[in-house]
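Reading through the structure tokens given below for one structure.
The values are calculated or read from the model by the stated rules, or taken from the named source; none is laboratory data. Just so we're clear, the structure is a prediction, and the values are computed from it rather than from any experiment. Neighbour counts run over all protein chains shown; Cβ positions are idealised from the backbone, glycine included. For the accessible areas, the whole protein counts, side chains as well, though only heavy atoms, and no ligand, DNA or RNA atoms are used. Shrake-Rupley method; radii C 1.70, N 1.55, O 1.52, S 1.80 Å.
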Amino acid sequence: MKRNGAIMRREIEEIPKIMDRLLSSQDEIEAIARKISEEDFSHIIVAGRGTSRNAGNFLKNLVEVELGLPVSFASLSTVSIYKAEPRLQKALVIDRLDRKSAV
């Protein structure tokens, strides 16, 4: 349990840096929103666990309000364990919610 507590504390301590980064990235965020709006996506699926899932909840609210696209969360085990093949032709799938990934 102590290890999980340390991980959570580290993530909480990162919040101010992340908020600063978000606030200074307005142009980049607007460019990504424009690109998403220009495509013919029917919906967005977020694949994430833990902190990424929490960030996905924030993203879900923003996208649904600002872009009008429904956002859902992937059931990761359906693909990894049960080998399902979801039809994602008109979906934007986001599998990372950090600065290293790109839309």
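What to note about this one:
- Calculated [θ] (222 nm, deg cm²/dmol) that DSSP helices of n ≥ 4 give over the chain, each run adding -39,500 (n - 2.57): -16500 deg cm²/dmol
- Solvent-accessible surface (1.4 Å probe) assigned to residue 53 amounts to roughly 100 Å².
- Binning all Cα-Cα separations of the chain at 5 Å, short to long from zero, yields these whole-percent fractions: 2, 10, 18, 23, 19, 13, 9, 5, 1, 0.
- Rolling a 1.4 Å probe across the protein heavy atoms gives the stretch 16-85 an accessible surface of 73 Å² per residue.
- Solvent-accessible area assigned to carbon and sulfur over the chain amounts to 55 percent, based on a 1.4 Å probe.
- Total charge dipole magnitude, the chain, about the Cα centre, Cβ charges on Lys, Arg, Asp, Glu only, Debye to nearest 20: 680 debye
- Computing FRET efficiency as 1/(1 + (r/R0)^6) for residue 65 and residue 10, where r is the C-beta to C-beta distance and R0 is 25 Å, gives about 0.25.
- From phi via Karplus (6.51, -1.76, 1.60), per-residue ³J(HN,Hα) for the stretch 5-10 in Hz, x at Gly/Pro: x, 5, 5, 5, 4, 4
- Pairs from the list 17/60; 35/90; 17/90 with a Cα-Cα gap above 25 Å: 17/90.
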